[in-house]
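These notes are about the structure you will find just below.
Just so it is clear, none of the values below were taken in a lab; they were calculated from the coordinates. The structure displayed is predicted, hence computed values, not measured ones. Every residue, glycine as well, gets a Cβ built from its backbone with ideal geometry; the counts of neighbours run over all protein chains shown.
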């Protein structure tokens, strides 16, 4: 039914209703006859009108429910997105904790002062000659401080800024560390190099063989003997008094994310 026809229908219905209302106050056989006839004629229309009003009421209620349901769906979708974001954060924190636990899985000394830091930049040359950590002067870090992770030495602090520090790795030729072999009393010098460092001043008569463990030597005995690497070659050198000893670093900076800096 078009809107125009619907308006005409309601106009006629309203006019008849008004006429019946006016005839209520007139009492004679003729008006009574008209009223009875009108009621008989209009009763189906009034019934249809009542049904139409009921349908309209139901439609309005349905729209209200639909609107409320739409709000609930919007809230649900928003909550679902928040839960997904929360789960991503939780997964990220779990991965970070796993890395932290793995990188710092070693015995901490009781007499040495240290800072736990995070690597924020790696050497892009492919040789891992250095890396950058996020702490510096603000945490009391100084040049020469030892950097350790996973029970092994990963480098030495070379340059210190306010909130960052550059650390040279065991692959860097500028790295020098006091070292021992198999925790013996004799002290050597580890010299960094890529892909292997070397152990300097190893006497030709010293028993240093392939597979031996090279450990860091702290003369103050505050820092434990963390691993530097293992001997991969022990043989004759150009110097007749010393052996040529190559060392493969135990830990590569690329393998770790969190480190411990021992403040000397």
Over the Cα atoms of segment 113-263, what is the Rg over Rh ratio if Rh follows Kirkwood?
0.99
How much length, in nm to one decimal, is gained on full extension between residue 142 and residue 178, taken as 0.36 nm per residue of separation minus their Cα-Cα distance?
11.2 nm
Give me the one-decimal nm value for the distance between modelled label points at residue 194 and residue 254, 7 Å along each residue's Cα-to-Cβ direction.
1.0 nm
State the three equivalent ellipsoid semi-axes of segment 191-264, derived from the C-alpha gyration tensor as the square roots of 5 times its eigenvalues, in descending order and whole Å.
25, 16, 10
Between segment 54-85 and segment 170-248, how many Å separate their Cα centres?
72 Å
Quick one: go through segment 208-240 and flag any residue whose amide nitrogen is under 16 Å from the point 7 Å out along the Cα-to-Cβ line of residue 187.
215-226
